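The values are calculated or read from the model by the stated rules, or taken from the named source; none is laboratory data. A quick note: this is a predicted structure, and the numbers were derived from the prediction, not measured. With ideal geometry, Cβ positions are generated from the backbone for all residues, glycine too; neighbour counts draw on all protein chains shown. Calculation scope for accessible area: heavy atoms of the full protein, side chains included, ligands and nucleic acids excluded. Shrake-Rupley method; radii C 1.70, N 1.55, O 1.52, S 1.80 Å.
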Amino acid sequence: MTAYEFPGEPGTGSAPGRGPVPAAYDAVVLAGGAARRLGGADKPGVRVGGRALLDRVLAACAGARATVVVAAPRPTARPVTWAQEDPPGGGPLAALDAGLRHTTAEHVVVLSADLPFLREHTVDRLLSTLRTSAADGVLLTDPEGRDQPLVAAYDASRLREGLALLSGRHDGLTGLPLRRLIAALDLTRISDPVASFDCDTWDDIATARARIREHGHVLDEWISAVKDELGIDLDVDTRGLLDLARDAAHGVDRPAAPLTTFLVGYAAARAGGGPEAVAEAARKAAALAVRWKEESTTEPQPSGSRPDVAPDATPDTRPDAG
């Protein structure tokens, strides 16, 4: 794929919208190949936004019951099952067959390992569309309308039937192109120019790296990268935490912003973690920041008037008070 201007966000293409949360599914990620247009580089390990391309794809299919990666084993941010076609380098159909042997779900998501902008909601959308149709599979198309069969959800039984038929006709699957299988399936297509973007060349890598640093993308990309790096699988109200940091910086002092958000995280962890614990800790800290700021902007009291006291304060009644 060549570099181009992205017209929108992942998952906003012209097709049925995201439906209910899909039921259990399995995922097969094809991470082999020679990467000739990258000069033979280890494409799944190339980093975009500080994360390996393979790890970015694994994050998108985090909801899979089983995730199988067809490639030589390597460290990954998420646990996976490893598979290898026999012989190695036998092509996409042989790799798909090897991966499917480790799956049992009715539906399987099949992905390449070079999709920097694929997100979990797009995977859910593929599955939801498949479940509400009579098709054998649902795949994305790129900006030129070309099918992307390695960004798709399929009926697993239909894939197995097709692979078995091709293997019988050709005495195996080694070297056969993926289109031989796809041509025999009844497919539904979804247009998604962003999620379908794959990295075949160094120009594609440069385009991906530039886009995630654009205003409107960089914060979400950074938060996703940090969560992967720290092994955190937690969705929180990012906007709420940013508002808290702003209030602490403006109402107290600039260094209060990072320290306050750190303390919120620490308090949430002590409370058992989870989005609710983060939200509650952030709410308390935000209310304190507001009270702090209000005190600093309160009009001076007239001479002789009673100073402000907290509602629950008790007067000092000691004999020497006064």
| message | Could you give the length gained by full extension between ALA206 and ALA41, i.e. 0.36 nm per residue of separation minus their alpha carbon distance, to one decimal place? | response | 57.9 nm
| remark: Put TRP292, TRP222 in order of accessible area, largest first, probe 1.4 Å, and you get TRP222, TRP292
| task | Report the full-extension gain for the segment LYS227 to ALA164: residue separation times 0.36 nm, less the Cα-Cα distance, to one decimal in nm. | result | 18.6 nm
| request: Please calculate how many Å² of accessible area segment 233-294 carries per residue, with a 1.4 Å probe and no DNA, RNA or ligand atoms counted. | output: 67 Å²
| Ignoring ligands, DNA and RNA, how do ILE182, ILE223 rank by accessible area with a 1.4 Å probe, largest first? | ILE223, ILE182
| What full-extension length gain, to one decimal in nm, is calculated for GLU294 and ARG270 as 0.36 nm per residue of separation minus the Cα-Cα distance? | 5.7 nm
| What residues qualify as long-range amide H neighbours of SER191, i.e. H under 5 Å apart, gap of 5 or more or another chain, H built at 1.01 Å from N? | SER14, THR141
| message | Keeping all protein chains in the complex and leaving out DNA, RNA and ligands, what accessible area do you get for LYS227 with a 1.4 Å probe, in Å² to the nearest 10? | response | 50 Å²
| query | Could you sort ARG65, ARG211 by accessible area so the largest value comes first, with the probe set to 1.4 Å? | reply | ARG65, ARG211
| All other residues with a Cβ under 15 Å from the Cβ of ARG239 taken together, and with Lys, Arg as +1 and Asp, Glu as -1, what is their net charge? | -3
| said: If the reach is capped at under 19 angstrom between alpha carbons, list the lysines near LYS284, excluding any in the same chain fewer than eight residues apart. | reply: LYS293
| field | For a label point 7 Å along the Cα-to-beta-carbon line of ASP171, residues of segment 73-87 with backbone N under 20 Å | value | 86-87
